[in-house]
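> One structure coming up, written as structure tokens, with questions to follow.
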Amino acid sequence: MRGVEVVVVGAGLAGLSCAHELATRGHQVEVLEARDVVGGRCSSWSMDGMPVESGYHRMLGAYSALPDLLDRVGVDVDDIVCWEDEVEIRSTDGTSAVLGASPVHKPVRTTMGPVAGTAPVSAPDWVSGTGHALLDASPVRALTSPLRVGLFPVDVLADAADDLVRAWPAPLRQLVLPLVERGLVSQADLASLVPFFTAGLAAFEADPERLDRWSVERMADRFGVSDRALDNILAAITAGLFFVPPHRYSAVNLFGIAHAAAPRMHEQRLGAFLGGMTEVMCQPIADAATANGARIRTGVGVSELLGDPGRVDGVRTVDGEQIAADHVVLATAVGSAQRLLGARFGDQRWARPLLGATITPSVNIQFELSRPSAPVDRTTFGPGSCVGNYAEQSRTTFRHVPGRCQVTLTPPERFLGRDEQWVARRAVAGLRDIGIDIADTVTRYRVLSQPDDFLGLEPGNWVRRPDNRTPVRGLVLAGDYTDQKWLSLMEGAVRSGRKAAAVVCDDPDVDGEPPSRDRGATIPDGHRQAARRGRRTNREEELADLRRMISDLDARIDDLAG
């Protein structure tokens, strides 16, 4: 049996990030990828003669670990991304709005958006915080009573627009402020979102596992979010980003991502890739890992983890090859991880939460067209239709054809396993429902289904996310489904891969953050506990600040109500 120091199973962003980190540190690494190309859920290839990619992806300016990794392998993000910096929402009732997605690079569109020209509250009034009429419909006690009866162990101020909006983290201000009066929502609809977002972020800080008991829709109903705000704003977010409707999307996922992005929201942008993701992003990472000594093999699937109940010491490939290893990093999609872990550790207590987690599928259709389907390439959400998200791509990712667009379909289970012609007809009809007609321009299309690549986004799965470190000697996990805030996002995959490498190296710096020190430097043993205490102290200080803020706000509620 041939042996190596570390086998990484899977060459998606998590596996490549881990392999690059380990190879840079001088470890002997072999990566096994079942597909013929690297990239996993961020891959691109030719499918029956048509260039395709694995699904909808956008680079976010709030990412830090992914840009850092690309910089380390010699890739400038600005060279591979076209910053669109805006999104569009198109409703089935004919209303639409284009919203800025960058407070720095498109400040007017982001901070004012479709607010300008609306009545009775003008954009300057709203931005300056004097548009109190927006919240007149929300009684103080009604907004906080669900908290007081024990829904969440926090109290939240829901009194006046200027106080609340200034207190909100930047991602929520950016999301909500532009969505006033373009037909998508009314002023009262916007006001109904205030207690929902305020309580959600506070609840995530206080007890994310308890927040995971609630879907976005159930929480919205409890906090009095209007039907129109639910349908045109919250559904656009959940179905647009993760192709599931609000009644299935856990509130902890929504607020976890917002919380993770908040520290870098001033750098937030939204960008499309200038080419296939394998070619412009993932292959350069693989090449850099190879240059540092890693071996990456594509077309090699793994069928079994080798070892005994207390140890993994290698893998068996689908072709019967056995490879011994001191460490095996399982960096596959969550469905494949469940199958491999279940076969060997299905009766072990530590594995049961992950093995019992549900899976969210994805179905995406990609069209080549005789002309562009839209005047600009940008992300569009289609609440109320089967279009979770849509993007024209002929000016960015696929510039070799006159027109090119892709649609992520929702709910995915409705389209999974169906005839491709049926899927195509429904997708074309869904685009027509939101005012985009491609019926006479389609030249060819491909349907891409991913039945088990995403950890279930429904309530109850957050607590099932595993740590990178397992109790089984020699076995480490990596993937965007592991215990970190960026669930199912590229940033989460890179952070998880970096954390997995740190576990292999027995490095206490396992938060997945971009390195702030020389990665080759070692930490003396005497400093390890101090580093852990420092991170814990910072966390406790942040929570103490939050509790003080909530206490002050609650006192104001009592004053106002009295």
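The values are calculated or read from the model by the stated rules, or taken from the named source; none is laboratory data. None of the values given here were measured: they were computed from a predicted structure. Every residue, glycine among them, receives a Cβ derived from its backbone with ideal geometry; neighbour counts consider all protein chains shown.
> Only one of these is in contact with a strand residue (DSSP E or B) (Cβ under 6 Å, 6 or more places away or on another chain), surrounded by fewer than 19 Cβ atoms within 10 Å (Cβ to Cβ) and in contact (Cβ under 8 Å) with a residue 12 or more places away in the chain: 411, 459, 451. Name it.
None of the others qualify; the one that does is 451.
> Could you grab me the full set of residues in region 15-62 that are acidic (Asp, Glu) and crowded, with 24+ Cβ neighbours inside 10 Å?
If we filter region 15-62 for residues that are acidic (Asp, Glu), which is where we start, we get 21, 30, 33, 36, 48, 53.
Across region 15-62, the qualifying residues are 21, 33, 53.
> Here is a follow-up. Quick one: would you say residue 117 is at pLDDT below 95 and crowded, with 24+ Cβ neighbours inside 10 Å?
In short, no.
> Looking at (1) assigned to a strand (DSSP E or B); (2) under 21 Å from the mean Cα position of the chain (by Cα), which is the one condition that is false for residue 404?
(2)
> Every residue in region 331-384 that is touching a helix residue (DSSP H, G or I) at 6+ places or on another chain (Cβ under 6 Å) and part of a strand (DSSP E or B), please.
Matches in region 331-384: 359, 361, 362, 363, 365, 381.
> Taking the options 279, 304, name whichever one is touching a residue at least 12 places away in the same chain (Cβ under 8 Å), assigned by TED's automatic domain parsing to the domain that holds residue 46, of a type outside the set (Lys, Arg) and more than 30 Å from residue 56 (Cβ to Cβ).
Exactly one of 279, 304 is touching a residue at least 12 places away in the same chain (Cβ under 8 Å), assigned by TED's automatic domain parsing to the domain that holds residue 46, of a type outside the set (Lys, Arg) and more than 30 Å from residue 56 (Cβ to Cβ), namely 304.
> Please list, ordered by residue number, the strands (runs of 3 or more DSSP E) wholly in region 207-324 having 1 or more residues that are basic (Lys, Arg) and modelled with pLDDT of 95 or more.
Details: elements: 270-273, 295-298, 302-308, 311-317.
The strands (runs of 3 or more DSSP E) meeting that bar are 295-298, 311-317.
> Let me ask another. Anything in region 185-206 that is under 14 Å from residue 234 (Cβ atoms), in a helix (DSSP H, G or I) and more than 24 Å from the chain's Cα centre (by Cα)? List them, or say none.
189, 190, 192
> Residues in region 416-448 that are farther than 26 Å from residue 337 by Cβ, touching a strand residue (DSSP E or B) at 6+ places or on another chain (Cβ under 9 Å) and outside any strand (DSSP E or B): how many?
The qualifying residues number 15.
> Would you please list the contacts, defined by Cβ atoms under 8 Å and residues six or more apart or on different chains, that run from a residue in region 11-35 that is within 13 Å of residue 302 (Cα to Cα) to a residue that is assigned to a strand (DSSP E or B) and acidic (Asp, Glu)?
From residues that are within 13 Å of residue 302 (Cα to Cα), the pairs are 11/33.
> For residue 413, work out the one condition from (1) assigned to a loop (DSSP other than H, G, I, E, B); (2) under 26 Å from the mean Cα position of the chain (by Cα) it doesn't fulfil.
(1)
> Here are the criteria: (1) within 25 Å of the chain's Cα centre (by Cα); (2) closer than 28 Å to residue 275 by Cβ; (3) surrounded by fewer than 22 Cβ atoms within 10 Å (Cβ to Cβ); (4) among the charged types (D, E, K, R). Tell me which single one residue 420 does not satisfy.
(1)
> Can you tell me which of (1) more than 23 Å from the chain's Cα centre (by Cα); (2) modelled with pLDDT of 95 or more is the one residue 376 doesn't meet?
With (1) more than 23 Å from the chain's Cα centre (by Cα); (2) modelled with pLDDT of 95 or more applied to residue 376, the lone miss is (2).
> Do we find a residue being under 12 Å from the mean Cα position of the chain (by Cα), more than 29 Å from residue 404 (Cβ to Cβ) and surrounded by 20 or more Cβ atoms within 10 Å (Cβ to Cβ) anywhere in region 247-254?
The answer is yes; a qualifying residue exists.
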